[in-house]
Amino acid sequence: MGNRKLVAVMVVLVLTIWLVGAAVTKYSLEQMAFVTPVAVVVVGATIGIVLRWVKVVTDSLRRRREQQ
């Protein structure tokens, strides 16, 4: 049951990236369909980098509070 939810969420995310990407770029829906896998990787990498930096900043602030 959990896998179905995960697959459904991933399908919605990929479709959203495809449709939003077509809306904000010069590409048509057909052209964006070819670019969508790259866009999904870029969006995932960007989210990963942001989450990593949030973790670094929160850990740094936590250590600073513990030293005071």
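The values are calculated or read from the model by the stated rules, or taken from the named source; none is laboratory data. Values in this document were obtained by computation on a predicted structure and should not be read as measured data. Neighbour counts are summed over all protein chains in view; Cβ atoms, including those assigned to glycine, are modelled from backbone coordinates with ideal geometry. Surface accessibility is based on the protein's heavy atoms, side chains included, excluding ligands, DNA and RNA. Shrake-Rupley method; radii C 1.70, N 1.55, O 1.52, S 1.80 Å.
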> List the pairs whose first member sits in the range 39-50 and is farther than 13 Å from T16 by Cβ, whose second member is among the charged types (D, E, K, R) and open to solvent by 80 Å² or more (accessible area, probe 1.4 Å), and whose Cβ atoms are under 6 Å apart, counting only residues at least 6 apart or on separate chains?
Replying inline: none
> Out of the range 19-29, which residues are assigned to a helix (DSSP H, G or I) and open to solvent by less than 70 Å² (accessible area, probe 1.4 Å)?
Replying inline: G21, A22
>> For the range 30-68: of the residues being acidic (D, E) and open to solvent by 80 Å² or more (accessible area, probe 1.4 Å), which is modelled with the highest pLDDT?
In response: E30
